[in-house]
Amino acid sequence: MTDLSLSLAGRLPSEVAIVGGNGQIARALAALLAEDGGRVRSIIRSEAQADALRELGAEPVVCDIETASADEIANAFGDAEAVVFAAGAGPGSGEARKWTVDRGGAIKSADAALLSGAMRFLQISFIGAEQQAPAGGDPVFAAYWDAKREADEYLRSVALDWTIVKPGGLTNEPATGRGTVSVSTMERGGKTRRADVAHVIRLALAHQGTVWRDLSVVEGGTPLDEAIDHALAEAQKAL
């Protein structure tokens, strides 16, 4: 595993709930947090996914965010101090599920975090999500884009200590622990390894400077902890 030191600007929450716990980024994150000695509640749709998550050191909690109420999701969060929204309808799903999972599930999860008292909330989005979906493209992808944009807008409007992590095109290569991070809008087209997104989320959870920030991340040569600190320093200079 790539060794990335945590910033002294904060500490990792003792317990984190990961919504969409069976996803690739979510599983990588659960393993990292468990190795740090933290407790992880992996929120999943099916008991069939549970054993693999236990092997990573997480506690699986079955709760279908697509059909559950915010109160039910809050109960699934238990005593978690922080929530990571890593769920998505996934490839092969139609337009309707982009709205019920990528938008609706995210909004209900934010509401549930407020109900449960888990005030730290990180959400995975993508570079460019704040823009309008390109005209004339695939309608399912356009629905996904619009759903993510509206989910991000909602999160920015609620009284949570939020961070939105925005990778580029996702790939499955092993983590490098390095990248380029920005709190400003990046051009689309860059690539980001899913395993490195998990490292960025872990680091952001421990860094108070990432609260109320969008963190765009693509492949690069700088250790990720240093890349985050540099991005935050540059944003501070611009004030």
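Quick look at the numbers
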read-out	value
Every residue from region 196-223 that is among the hydrophobic types (A, V, I, L, M, F, W, C) and farther than 18 Å from Val16 by Cβ	Trp212, Val217, Val218
Checking Asn75 against (1) within 23 Å of Asp152 (Cβ to Cβ); (2) over 19 Å from the mean Cα position of the chain (by Cα); (3) of a type in the set (S, T, N, Q), the condition it does not meet	(1)
Members of region 78-113 found to be among the basic types (Lys, Arg) and within 17 Å of the chain's Cα centre (by Cα), listed by number	Lys98, Arg103, Lys108
Candidates Val101, Val83, filtered to the one that is assigned to a helix (DSSP H, G or I) and modelled with pLDDT of 95 or more	Val101
Candidates Arg149, Arg97, Arg103, filtered to the one that is open to solvent by 40 Å² or more (accessible area, probe 1.4 Å) and within 24 Å of Thr210 (Cα to Cα)	Arg103
Options Gly177, Gly209: the member that is small (Gly, Ala, Ser), more than 19 Å from Gln123 (Cβ to Cβ) and either surrounded by 18 or more Cβ atoms within 10 Å (Cβ to Cβ) or modelled with pLDDT of 95 or more (or both)	Gly177
Qualifying residue in region 116-130 (condition: open to solvent by less than 50 Å² (accessible area, probe 1.4 Å), part of a helix (DSSP H, G or I) and under 13 Å from Gly20 (Cα atoms))	no
Evaluation of Gly92 against (1) open to solvent by 10 Å² or more (accessible area, probe 1.4 Å); (2) not in a loop (DSSP other than H, G, I, E, B) (one fails), failing number	(2)
Tabulated pairs, region 92-105, first more than 13 Å from Asp138 (Cα to Cα), second among the basic types (Lys, Arg) and part of a helix (DSSP H, G or I), C-beta under 6 angstrom, 6+ apart or interchain	Asp102/Lys148
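Matching residues to (1) at pLDDT 95 or above; (2) open to solvent by less than 60 Å² (accessible area, probe 1.4 Å); (3) aliphatic (A, V, I, L, M):
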{"position": "Val158", "(1), (2), (3)": "yes, yes, yes"}
{"position": "Pro167", "(1), (2), (3)": "yes, yes, no"}
{"position": "Ser184", "(1), (2), (3)": "no, no, no"}
{"position": "Ala195", "(1), (2), (3)": "yes, yes, yes"}
{"position": "His199", "(1), (2), (3)": "yes, yes, no"}
{"position": "Leu215", "(1), (2), (3)": "yes, yes, yes"}
{"position": "Pro223", "(1), (2), (3)": "yes, yes, no"}
{"position": "Ala231", "(1), (2), (3)": "yes, yes, yes"}
{"position": "Glu234", "(1), (2), (3)": "no, no, no"}
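Rundown of residues vs (1) at pLDDT below 95; (2) under 22 Å from Ala175 (Cβ atoms); (3) surrounded by 19 or more Cβ atoms within 10 Å (Cβ to Cβ), yes/no style:
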residue: Ile25; (1), (2), (3): no, yes, yes
residue: Leu29; (1), (2), (3): no, yes, yes
residue: Asp51; (1), (2), (3): no, no, no
residue: Ala58; (1), (2), (3): no, yes, yes
residue: Cys63; (1), (2), (3): no, no, yes
residue: Ser69; (1), (2), (3): no, no, no
residue: Ile73; (1), (2), (3): no, no, yes
residue: Phe77; (1), (2), (3): no, no, yes
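The values are calculated or read from the model by the stated rules, or taken from the named source; none is laboratory data. Note that the structure is a prediction, hence the values are computed from the model and not measured. Reconstructed Cβ throughout: ideal geometry from the backbone, glycine too, with neighbour counts over all protein chains shown. For the accessible areas, the whole protein counts, side chains as well, though only heavy atoms, and no ligand, DNA or RNA atoms are used. Shrake-Rupley method; radii C 1.70, N 1.55, O 1.52, S 1.80 Å.
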